[in-house]
Ligand SMILES: Nc1ncnc2c1ncn2[C@@H]1O[C@H](COP(=O)(O)OP(=O)(O)OP(=O)(O)O)[C@@H](O)[C@H]1O
């Protein structure tokens, strides 16, 4: 098995007629941290719900851990840890008792080793010091970590996390991200949805980009970013003249940072022509202190794909 999730033509049309997921072909490689990226309403949650057997697809097929779903859900689900739409917790129970409850609900879990499993899961997410506290006293980040602990009570081939850092403060986000990295380092494939580009860039090895129910692209994060063309950046005190000359040379999307002494833009053609641009600037009396193509980010790739900006900061 080389892929943990594979879908072909997976489609969901809700009763009201809304086409939420449109012929999705998704390939999630074993061992990846796979970012499922898209703005709100692009079909991420609907896809995850189909993969986990919570709703039926209208058309198409899906395999999870090599087995067809929903047909083989009974054998697949025990091998998948999922955190979807926030963990369901009892506020009046401690973190430890919440986990014990989860473990009790799992018919495959051996009661004799329950306490050890719960202790290990609490330790895994760094909640041992707060294990005896009532869950209602937990911060959002702690609740999310407790949810992850519940997903980690058993060894899993796949972790599915729907917007795992949604609503968390920067510290909480960092904690969840480093936990995801640790889990991945242990060999667990992690599939996480997010509407935050920088999050995907920070933790994911692979990504897929959704918009309006359709898959725009998927692949290794480094390749997705590399596919976008970089921006031309000129460092100069003569920003006004530089901007004017660059526009004359066919550079589009020129933006001027006068205070920072920088002009950036999208070059019209191949990089080979750029030395001519530099010469033209110098001949035009522009004092060029720096000149080059800046590496494209995943955000650049996204903007190029969709023609629209993205909610980068959250
Ligand atoms: N139960 C439902 N009935 C009808 N339409 C729905 C239902 N659930 C979602 N939709 C619609 O399907 C589309 C995709 O929604 P979905 O929740 O899958 O997107 P998403 O990318 O996960 O966004 P979000 O991050 O906001 O959850 C949206 O237009 C949404 O309004």
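The values are calculated or read from the model by the stated rules, or taken from the named source; none is laboratory data. Worth saying up front: this structure is predicted, and the values here are computed from it rather than measured. Don't worry about glycine lacking a Cβ; one is built from the backbone with ideal geometry, like all the others, and counts go over all protein chains shown.
What the table below lists for this structure:
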quantity	calculated
Exclusive hit being surrounded by fewer than 17 Cβ atoms within 10 Å (Cβ to Cβ) and modelled with pLDDT of 80 or more, set 242, 208, 226, 222	222
Every residue from segment 236-271 that is in a loop (DSSP other than H, G, I, E, B) and touching a helix residue (DSSP H, G or I) at 6+ places or on another chain (Cβ under 6 Å)	236, 249, 258
Filtered residues of segment 184-205 (kept if in contact with a strand residue (DSSP E or B) (Cβ under 9 Å, 6 or more places away or on another chain), more than 15 Å from the ligand (Cβ to nearest atom) and modelled with pLDDT under 85)	201
Failed criterion for residue 233 (all others in (1) assigned to a strand (DSSP E or B); (2) surrounded by 21 or more Cβ atoms within 10 Å (Cβ to Cβ); (3) within 29 Å of the chain's Cα centre (by Cα); (4) away from the ligand (no atom under 16 Å from the Cβ) hold)	(2)
Within segment 41-63, considering residues that are within 12 Å of the ligand (Cβ to nearest atom) and at positive phi, the one surrounded by the most Cβ atoms within 10 Å (Cβ to Cβ)	43
Per-region count, segment 15-40, residues in contact (Cβ under 8 Å) with a residue 12 or more places away in the chain and either more than 16 Å from residue 220 (Cα to Cα) or within 10 Å of the ligand (Cβ to nearest atom) (or both)	11
Lone qualifier among 222, 208, 233 - being under 30 Å from residue 9 (Cβ atoms) and either touching a residue at least 12 places away in the same chain (Cβ under 8 Å) or not assigned by TED's automatic domain parsing to the domain that holds residue 166 (or both)	208
